[in-house]
Amino acid sequence: MVFLLLLLAIPAAEIFLFIEVGGHIGAWSTVGLIFATAIVGGMILRFQGLKTLASARREIEAQRVPVKELAHGAALALSAMLLLTPGFATDALGVVLLFPPVRHAVVAFVIVRFMARHGSMSGFGARAKNTDNTIDGEFEVIDDSTDADKQTSDDAGSDKPQIGPDER
C-alpha cells in the first residue's frame with residue numbers, strides 16, 4: 001500500500017514542481033536545470049563512489065568483510081537512481097544521500113530495521129555460534145591400485161563386503 005502511494009505521489013510532486021519552477025524561471029531554464037542537476041550529481045556521485053570503493057579495498061586487504069562499505073555503495077546506487085530520474089524532488093533526495101553523515105544514518109536505520117524483522121545478521125559477517133554438533137577427524141588418501149590389490153588378496157576368503165575403486 002505504501003509503495004502504491006509513493007508510486008502515485010512522487011510523479012505528482014514532480015509534475016507540480018515542474019509547473020511551479022517553470023512558471024518562475026521559464027520552460028527551457030527548467031529543462032536545463034534538470035540536466036544540470038543530473039550532471040553535477042553524477043560527478044559528485046563518481047567521486048563518492050570511488051572513495052567508497054577505495055575504502056572497501058582497504059577493508060578486504062585487512063581481511064575484513066566490507067559490510068559498511070557495501071551498504072554505503074547500495075545507498076550511493078540509490079542516490080544515482082534518484083539523481084538520474086528527472087525531477088527536483090528526486091534530485092533533492094539523491095543529493096541528500098550523497099552526504100556521508102546522512103548516508104550513514106540511513107544505512108544504520110535500514111540495518112536496525114532489518115535486524116528487528118529478521119533477527120540476526122548471520123551471513124553478513126557475523127560468526128556462527130559454536131555448537132557441539134561438530135565432528136572433527138583426519139583422513140589419509142591411499143593409493144587405490146596397491147591397496148585394492150592387497151585388500152582383495154588378504155580378504156579373498158572372508159565374508160566382508162569389498163569396496164573397489166569404482167564404488168567409492
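Taken together, the values in this text are just the output of simple stated rules run on the coordinates, not laboratory data. Computed from a predicted model, the values in this text were never measured in an experiment. When we count neighbours, we look across all protein chains shown, and the Cβ atoms used for this are built from the backbone with ideal geometry, even at glycine.
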(request) Report the residues of the stretch 101-121 in range of a label on L6: point 7 Å along Cα→C-beta, backbone N strictly under 15 Å from it. (result) 106-107, 109-111, 113-114
(request) Within 10 Å, count the other beta carbons around each residue, average over each peptide in 20-28, 40-48, 75-83, 133-141, and list them highest first. (result) 75-83, 40-48, 20-28, 133-141
(request) Just order 101-110, 5-14 by mean Cβ neighbour count inside 10 Å, highest at the front, would you? (result) 101-110, 5-14
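Any idea what the dipole of the stretch 9-118 comes to, in debye rounded to 20, about its Cα centre with Lys/Arg Cβ at +1 and Asp/Glu Cβ at -1? It would help to have the intermediate numbers written out before the result.
On the way: 9 positive and 6 negative charges, 107 e Å.
Dipole about the Cα centre, nearest 20: 520 debye.
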(request) Assign one of three labels to the stretch 9-118, namely rounded, prolate or oblate, based on the Cα gyration tensor with a ≥ b ≥ c the square roots of its eigenvalues; rounded applies when a/c is under 1.5, prolate when it is not and a/b is larger than b/c, and oblate otherwise. (result) oblate
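For a test of the definition: using alpha carbon positions, the gyration tensor, and the 1.5 limit on a/c, classify the stretch 1-68 as rounded, prolate or oblate. If you can, show how the numbers build up before the last one.
Working: a/c = 7.27, a/b = 1.89, b/c = 3.84.
Note, shape of the stretch 1-68 comes out oblate.
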